[in-house]
Amino acid sequence: MTAHPSELALERGGAAVDAHVAACERCQARAQAAREVTDTFERRVLPATLPAIRARVGRKQVRWRLWIGLPAIAAVGLAFFVGVHSRDALDTTKPYFGTKGAPVLYAGALEIVVKRASVVKPLEPGEKLHAGDNLRFVYRGERSRHVELRIVERSGEALLFYPERGSAPLMHPGEALPGAAIVDNQARAEELILRLSDRPFDTADAGAAAETHHIRLEKE
Amino acid sequence: MQDEELAALYRRCGAAIYRRCVKLLGDPAAAQDATQEVFIRFMNHQERLDPRDDYLPWIFRVATNHCLNVLRDDARLSLHDPSSLPDAGAPGEAAAFPERDLGRQLLRRFDETSQAVAVLTLVDGLSQDEVAEVLGTSRKTVGKKLRVFLERARRFMERSS
């Protein structure tokens, strides 16, 4: 018989661990104990503590005026960009936003702001992204328009960044798109797809937007 | 994050955290409190975790450190027989270490990383490679800290007895 799996190995499972457990009474007891603790968590701990968890997570969201961001993308294991909420994510209340000279615009309507370490700055034309860069997007069209932004993942699928679903919201010049994206370390350029329209359109209808822009961002 | 997504994440990761906390604290009420604290920390650090990665090493590290802080004034951990554990050091060295409670006075003699190394190895039976993965350090560092822990713990136990 193989050595008893560690607690970590038991948590991870797998064919070798399963084979050992099937032949080992001691480890069967360990696995059964773990199942009982899991059952207790689901029956008693989860319902008792989830409201407090929700409240605490919600307070943080309000406090930092941030969004969780990209849950749909995270849910499918996005290959290159991961949008997440963070106290460290870019804060649109910081002086940079809307206070400095003419912003650099992508597709004539989108400003990209990058936070790298503690430095927050606009992404300059031709400037390359670094792994770990935290990106925010600001709509800076000449007039209010309905906006949709997608990120093309490694598989080639263009996943919605904003909005998460439904109809493309009306955005006003200077408004930051909710959510942030973090650049991964995959060695390939990133591509954004920006769709704009004066009229509301459904994100499920790819041809509904009046304008579609492809934005390519190079990486180091 | 939507409510249902948060609930799903809590159901998945919270269960693993709770199992870890029950294992180390042995007290369901204390484990329930610890689970919430560790999960909130998980949410705060989520942006630094790659969703493609296995969260278990992170959960093991943070939950272990949190529980060790909770246990600082307690002594509820017990050691396996070190000679039966993988990579526990030289056979003679490990076998000479008595099986008994890891008490407050003993744990306090070590830094946080050494405490975690000892618990992960001697309580949870992790190999040194697994401990290195969980703590984000090298196997060499784990081995060194474990040797120092065993030597100093043995001396401590000898003096205590």
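We did not get these values from a lab; they are worked out from the coordinates using the rules stated. This one's a predicted model, so the numbers in the text were calculated from it and none came from an experiment. Using ideal geometry, Cβ is built from the backbone for each residue, glycine included, and neighbour counts are taken over all protein chains shown.
Here the label points at B:ILE40 and B:GLU112, each 7 Å from Cα along the C-beta direction, are separated by 1.7 nm in the simple model. How well do other chains shield peptide A:44-52, expressed as the mean number of their Cβ atoms within 10 Å of each residue Cβ? Taking the mean over all residues of the peptide, I get 4. Per residue of B:141-148, other chain Cβ atoms within 10 Å of the residue Cβ number 0 on average. Here the peptides A:34-46, A:203-215, B:138-150, B:6-18 are ranked by packing, the mean other Cβ count within 10 Å, and the order with the highest first is B:6-18, B:138-150, A:34-46, A:203-215. The Rg/Rh ratio of the range B:3-54, with both radii computed over alpha carbons and Rh defined as the Kirkwood radius, is 1.00. Normalised by 2.2 N^0.38 Å, where N is the number of residues, the C-alpha radius of gyration of the range A:7-63 stands at 1.65.
Separation of the range A:1-47 and the range B:5-27, taken as the distance between their Cα centroids, equals 14 angstrom.
Within 10 Å of the Cβ of each residue in B:19-28, the mean number of Cβ atoms contributed by other protein chains is 4. Computed from point charges on the beta carbon alone (+1 for Lys and Arg, -1 for Asp and Glu), the dipole magnitude for the range B:3-54 about its Cα centre is near 260 Debye.
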